[in-house]
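Asker: Below is one structure. I have some questions about it.
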Amino acid sequence: MNWSEFFAMGGYAFYVWSAWGLTAVVLAYLFTQAKLRNAKIKAQILRQIERESLVDHSARATNKESGNS
Amino acid sequence: MSQTNDTPAMLAINNLECSRGDRTLFRQLSYSINAGQCLHIVGANGSGKTTLLRSVAGLVYSPKGKIQWQGENIQSNPSYQSTMIYLGHSEGLKNELTSVENLEFYSCLDGHSDQSHVDGDLAQMGILECADLTANKLSFGQRRRLAFARLLHSKAKLWILDEPFTGIDDAGRALIETICVEHLDAQGMILLTNHRTLSQSRLAPSLAVLDLMDFQSSLDHS
Amino acid sequence: MNLINAFFSSIWGFLNRSFHRLGSPREFFKISNYATPIFGLLFTVLTGYGAYLGLFVAPADYQQGDSYRIIFVHVPSAWLSLFIYMVMATASAIGLIWRMKMAFVVAICSAPIGAAFTFLALVTGSLWGAPIWGTWWEWDARLTSELILLFVYWGIMAVYYAFDERQTAERAMALLAIVGVVIVPIIHYSVEWWSSLHQGATVFRDGGPAMPASMLTPLLLMALGFTFFYGYVLFLRARNMVLDQERKSRWVRELVKSSRATGEAQ
Amino acid sequence: MAQNTFYLFARREWQLLFRNTSALVQPLCFFIIIALMFPLSLPAENELLTRIGGGVIWVSAVLATLLGLESMFRSDYHDGALEQWLISPRSLPLAMLGKVFAHWSCTGLLLALFAPLLCMTFRIPPDQIWVLFLGLMLGTPSLSLIGAIGAALTVTLHRGGVLLAIIILPLFIPILIFGAGMVTQQAIGGSTASQLYALAAILVLALTLSPFAIAAALRTTIN
């Protein structure tokens with residue numbers, strides 16, 4: 001089983017490997033795009049949670065001052 | 001409104017929730033209306049008044065909550081649709097058709113077999129002189145009167161009117177008030193929105209007020 | 001006798017309950033926690049083995065030599081482009097009839113995957129035909145109907161992104177998918193008739209003469225592997241959409257906080 | 001019972017269309033202009049035009065129908081008439097069938113009647129003209145019916161025209177293939193029966209299914 005003959009694909013190397021290569025690329029693209037989007041959404045939600053907790057702190061801080069001033 | 005619980009209320013809304021996009025307009029709105037009653041819906045701009053009217057008319061579907069007419073859900077319910085008329089901001093009048101043709105089409109749509117009453121309705125609404133004018137030549141007030149002319153002859157029990165009194169002169173306002181009062185006396189029902197309070201108007205005796213703000217208080221910590 | 005219908009009613013009860021449980025986004029998310037890795041595993045195993053068989057073990061075709069090996073990529077993509085459309089149309093029908101939010105999510109998440117596989121089927125088809133036809137594009141019946149199917153997918157996605165209010169967008173897209181499911185077969189047959197009018201049936205049919213087992217098994221393995229890949233990416237995209245839509249609800253926030261705490265890239 | 005729904009909506013649509021005849025003639029002018037652009041763009045005085053004449057006429061008819069579809073529901077949506085239909089007790093599918101029939105009679109029918117005249121300029125032999133006319137008579141109603149589904153879906157979008165073309169043109173392809181195919185089949189002397197049956201089958205399918213799809217599309221987008 002020698003590799004050079006295998007890769008030659010009986011002279012059709014360009015067609016076979018570009019077909020298989022493109023399939024791999026498209027499948028990889030579908031997979032990574034979904035994963036990246038997952039990370040992006042989670043980051044957004046986390047930032048939103050932090051922003052809201054920030055707002056709660058400042059709100060509690062202001063009415064603490066107004067409470068005892 | 002204490003509702004006599006032997007016969008089901010004519011129109012019953014129970015814990016309806018409407019939202020625009022992902023903003024909840026109101027929640028757990030329950031109310032029932034009986035014959036001869038006029039419900040005035042009050043609320044700030046954008047508080048969901050029109051959305052409430054449109055969901056009672058069946059144009060807007062809201063997954064949470066039920067609206068029932070004589071015990072049956074109003075979704076795709078022909079008997080409800082034939083006893084209800086909804087007049088929104090845009091009255092549904094075609095600019096290319098004359099007032100008479102517009103009115104004839106709607107009386108056919110409502111199921112009347114003969115259209116001889118059309119001229120009488122136009123006269124009663126005081127716009128007989130523009131019977132053959134096409135709708136785009138009418139003023140805003142005249143268009144509202146033309147839209148109201150459809151109500152005169154209709155057998156519909158429930159009228160749903162969105163801001164009926166805006167942009168109408170005093171004579172027109174008095175005319176519409178008399179029509180509504182006659183409708184209420186004939187055990188009809190009206191659901192309307194209006195900026196000014198109606199407590200001094202002739203509708204006062206059978207008037208009930210529903211403030212959307214009561215159903216928005218529980219919103220902030222959604 | 002009542003034993004039998006008790007048996008059937010319990011099955012129907014179970015189906016009903018799980019059908020409605022799947023309807024709620026949160027339940028879907030819990031179930032997909034287990035289903036996603038399984039689909040991913042099945043995809044890698046089946047496709048890996050199928051690819052190995054297809055590329056290394058299967059003998060060269062006596063007529064087309066090694067160029068026929070593109071079949072192991074072209075046929076699964078072509079099959080999936082139609083299969084995904086059918087799944088999308090059924091999900092849309094379920095969504096419209098029972099007003100199930102998750103069904104719409106499944107439908108709209110499958111559309112881009114379906115379009116990707118249709119594009120794949122198109123390009124690998126033309127790559128496969130090129131050495132035989134001598135040109136890159138041949139108005140062959142299957143390639144043309146794949147091309148039209150790609151336009152139908154684009155149309156469906158375009159409708160979804162045209163509306164700004166989510167509920168209307170979902171229902172409009174679902175309706176177009178269902179209208180499409182009636183017309184796509186008609187498109188297929190009209191193109192089939194049209195291409196047979198122009199030139200005789202193309203030299204190679206899908207399977208060609210009865211395919212020997214050594215060629216058929218890798219083909220089936222690859223097709224199954226690709227279908228599981230579709231399931232895997234569909235789950236991923238659906239989970240993203242559920243997180244995005246339920247962003248305000250409490251269970252999403254707990255989940256995000258816990259997943260950050262444990263740091264596992266779920 | 002008052003007038004039946006089909007006739008009520010058809011009569012109203014005719015009233016509206018004949019009220020501003022300029023809108024009535026637009027699809028026809030568009031059809032003629034497109035069809036006449038082909039001879040101008042091809043080398044004159046050769047039989048190429050005769051061979052592709054059928055296809056040219058059919059493509060122009062499809063594009064002209066598409067243009068006519070744009071205005072089918074838009075004015076009713078903006079002045080609130082559409083809402084009144086949705087909540088009226090009348091059956092919406094039948095009403096839409098009446099409306100699309102009236103709309104077709106002022107666009108598709110005119111195209112079909114006018115097409116033979118255009119074929120003269122393309123010097124298409126009379127037997128092919130007859131086959132083309134038959135195909136158009138059977139095909140244009142399906143084009144209007146299926147196109148109306150797209151028009152109903154995109155009625156609320158302010159730039160719906162482009163989207164309408166994208167989602168509807170792929171669905172017009174079978175009708176185009178069978179219609180234009182009839183002319184080429186006739187040209188080579190073959191029998192055009194099978195295409196005629198196909199077009200008739202598509203028409204029956206469109207007549208029975210698309211009114212419900214139009215009604216569902218309107219209920220989906222109007223809320």
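Bear in mind that the values in this text are calculations on the coordinates, not laboratory data. The structure presented is a predicted model; accordingly, all values stated were derived computationally and were not measured. FYI the Cβ positions are ideal-geometry reconstructions off the backbone, even for glycines, and counts take in every protein chain you see.
Asker: Let me know the mean shielding of A:4-12 by other chains, meaning the per-residue number of their Cβ atoms within 10 Å of its Cβ.
Answerer: Other-chain Cβ atoms within 10 Å of each residue's Cβ, averaged: 4.
Asker: Separate question: Which FRET efficiency value, to the nearest 0.05, do you get for residue D:20 and residue B:195 by plugging their Cβ-Cβ distance into 1/(1 + (r/R0)^6) with R0 = 35 Å?
Answerer: 0.45
Asker: Averaged across orientations, what area in nm² does the convex hull of the alpha carbons in region B:25-114 project?
Answerer: Dividing the Cα hull surface by four gives the mean projection, 7.9 nm².
Asker: For region B:157-163, what does the Karplus curve 6.51 cos²θ - 1.76 cosθ + 1.60, with θ = phi - 60°, yield as ³J(HN,Hα) per residue in whole Hz, taken in order and with x for Gly and Pro?
Answerer: Karplus-based 3J(HN,Hα) across region B:157-163 equals 7, 9, 9, 10, 10, 9, 6 Hz.
Asker: How would B:60, D:162 line up from fewest to most surrounding beta-carbon atoms within 10 angstrom?
Answerer: Listed from fewest to most nearby Cβ atoms, that is D:162, B:60.
Asker: Per-residue ellipticity at 222 nm for chain C, helices alone: DSSP H runs ≥ 4 residues times -39500 (n - 2.57), over residue total, nearest 500 deg cm²/dmol?
Answerer: Mean residue ellipticity, 222 nm, calculated: -28500 deg cm²/dmol.
Asker: In deg cm²/dmol, rounded to 500, what helix-only [θ] at 222 nm does chain B give when every DSSP H run of at least 4 residues adds -39500 (n - 2.57) and the total is split over its residues? Let's see the in-between values first.
Answerer: Details: 6 runs with 62 residues, N = 222.
Estimated from H runs of four or more residues: -8500 deg cm²/dmol.
Asker: Continuing with this model, one more query. For region D:116-223, just the Cα set please: Rg and Dmax, both in angstrom.
Answerer: Every Cα atom of region D:116-223 included, Rg and Dmax give 16.4, 54 Å.
Asker: Would you please give the residues with an amide H less than 5 Å from that of residue B:191, counting only those at least 5 places away or on a separate chain, with H modeled from the backbone geometry?
Answerer: The answer is B:39, B:159, B:160, B:161.
Asker: Taking just the C-alpha trace of region C:84-191, give me its Rg and Dmax in Å.
Answerer: Cα radius of gyration and Dmax of region C:84-191 are 15.5, 51 Å respectively.
Asker: What are the extents of the Cα atoms of region B:11-220 along their three principal axes, in Å, largest first?
Answerer: So the extents along the principal axes, rounded to whole Å, are 53, 35, 34.
Asker: Still on this structure: Measure nothing fancy, just the Cα-based angle from helix C:71-98's long axis to the longest principal axis of chain C, in degrees from 0 to 90, nearest 10.
Answerer: Roughly 30 degrees between the two axes.
Asker: I've got another one for you. As a check on your grasp of the helix formula, calculate [θ] at 222 nm for chain D: sum -39500 (n - 2.57) over DSSP H runs of n ≥ 4, divide by the residue count, round to the nearest 500.
Answerer: Calculated from helices alone, the mean residue ellipticity at 222 nm is -28000 deg cm²/dmol.
Asker: Another question about this same structure. What does the charge count around residue B:94 come to, taking other residues whose C-beta lies under 15 Å from its C-beta (Lys +1, Arg +1, Asp -1, Glu -1)?
Answerer: Combined, the nearby Lys, Arg, Asp and Glu give -1.
Asker: Can you give the local net charge around residue B:80? Use residues other than it whose beta-carbon is closer than 15 angstrom to its beta-carbon, Lys and Arg +1, Asp and Glu -1.
Answerer: Result for the local shell: +3.
Asker: Which FRET efficiency value, to the nearest 0.05, do you get for residue C:17 and residue B:204 by plugging their Cβ-Cβ distance into 1/(1 + (r/R0)^6) with R0 = 45 Å?
Answerer: 0.30
Asker: Select from chain D the helices, each a whole stretch of DSSP H, whose alpha-carbon atoms run 27 Å or more along the helix axis and whose Kyte-Doolittle mean is at least 0.5; answer none if there are none. Let's see the in-between values first.
Answerer: On the way: long enough: D:21-41 (30 Å, 1.92); D:48-70 (33 Å, 1.53); D:126-153 (40 Å, 1.41); D:160-187 (39 Å, 1.96); D:193-221 (40 Å, 1.52).
Helices meeting the criterion: D:21-41, D:48-70, D:126-153, D:160-187, D:193-221.
Asker: Give the Debye-formula value of log10 I(q)/I(0) at each listed q (0.10 Å⁻¹), with one equal scatterer per alpha carbon of the protein assembly as shown, two decimals each.
Answerer: Debye curve over Cα of the protein assembly as shown, log10 I(q)/I(0) at q = 0.10 Å⁻¹: -1.18.
Asker: Rounded to whole Hz and in sequence order, give me ³J(HN,Hα) for region C:6-13 from the Karplus expression 6.51 cos²θ - 1.76 cosθ + 1.60, θ = phi - 60°, writing x for Gly and Pro.
Answerer: 5, 4, 5, 5, 5, 4, 4, x
Asker: Here is a further query. Going 7 Å from the Cα of residue A:31 toward and past its Cβ, which residues in region C:38-54 have a backbone nitrogen under 12 Å from where you end up?
Answerer: C:40-48
Asker: Note down the net charge around residue D:18, summing +1 for each Lys or Arg and -1 for each Asp or Glu among other residues with Cβ under 14 Å from its Cβ.
Answerer: Neighbourhood net charge equals +1.
Asker: Moving on to the next point. In terms of modelled amide H atoms, which long-range or inter-chain residues lie less than 5 Å from the amide H of residue B:32?
Answerer: Here the answer is B:13, since their amide H atoms fall under 5 Å of that of residue B:32.
Asker: Let me ask you something else. Provide the FRET efficiency to the nearest 0.05 for the residue C:244-residue B:28 pair, computing r from the beta carbons and using R0 = 22 Å. Before the final figure, lay out each step's value.
Answerer: Working: r = 27 Å, r/R0 = 1.22.
Here the calculated transfer efficiency is 0.25.
Asker: Can I ask one more? With an 8 Å cut-off on Cα pairs and a minimum separation of 6 or more residues, tell me the relative contact order of chain C in percent. Numbers along the way, then the final one.
Answerer: On the way: 261 pairs, mean separation 81.7, N = 266.
Over chain C, the number comes to 31 percent.
Asker: Please report, to one decimal in angstroms, the Kirkwood hydrodynamic radius of region D:107-165 built from all distinct Cα-Cα pairs.
Answerer: Roughly 13.1 Å, rounded to one decimal.
Asker: Sorting D:120, B:10 on the 10 Å Cβ count, fewest up front, what's the list?
Answerer: Neighbour counts put them in this order, fewest first: D:120, B:10.
Asker: Then there's this: Below 8 Å, C-alpha to C-alpha, sequence gap of six or more: please give me the relative contact order for chain D in percent.
Answerer: 27 percent
Asker: Oh, and also: Over the Cα atoms of region D:4-62, compute the convex hull volume and normalise it per residue, giving Å³.
Answerer: 90 Å³
Asker: Compute the acute angle (0 to 90°) between the alpha-carbon long axis of helix B:99-109 and the principal axis of greatest extent of the alpha-carbon atoms of chain B; round to the nearest 10°.
Answerer: Between helix and principal axis, roughly 50 degrees.
Asker: While we're looking at this one, here's another question. Would you mind computing, in nm to one decimal, how far apart the modelled labels at residue C:259 and residue C:27 are, each placed 7 Å from Cα along Cα→Cβ?
Answerer: Here the answer is 2.2 nm between the modelled labels.
Asker: Now, a different point. Based only on the alpha carbon positions, what is the Kirkwood hydrodynamic radius of region D:2-222, in angstrom?
Answerer: Hydrodynamic radius (Kirkwood, Cα pairs) of region D:2-222 is 18.0 Å.
Asker: Under a crude label model (7 Å from the Cα following the beta-carbon direction), how far is residue A:58 from residue B:137 in nanometres?
Answerer: 6.1 nm
Asker: Applying the Karplus parametrisation 6.51 cos²θ - 1.76 cosθ + 1.60 with θ = phi - 60° to the phi angles of region A:8-23, what ³J(HN,Hα) value in whole Hz is obtained for each residue in order, glycine and proline being reported as x?
Answerer: Result, ordered by residue: 5, 6, x, x, 9, 3, 4, 5, 5, 6, 5, 5, 5, x, 4, 4 Hz.
Asker: At a threshold of 8 angstrom on Cα-Cα distance, excluding pairs fewer than six apart, so keeping six or more, what relative contact order does region B:83-222 reach in percent?
Answerer: Here the relative contact order equals 26 percent.
Asker: Give me the one-decimal nm value for the distance between modelled label points at residue A:51 and residue D:45, 7 Å along each residue's Cα-to-Cβ direction.
Answerer: The two pseudo-label positions are separated by 7.3 nm.
Asker: So for C:49, B:80, fewest C-beta neighbours within 10 Å to most, what's the order?
Answerer: Ordered from fewest to most neighbouring Cβ atoms within 10 Å, C:49, B:80 come out as C:49, B:80.
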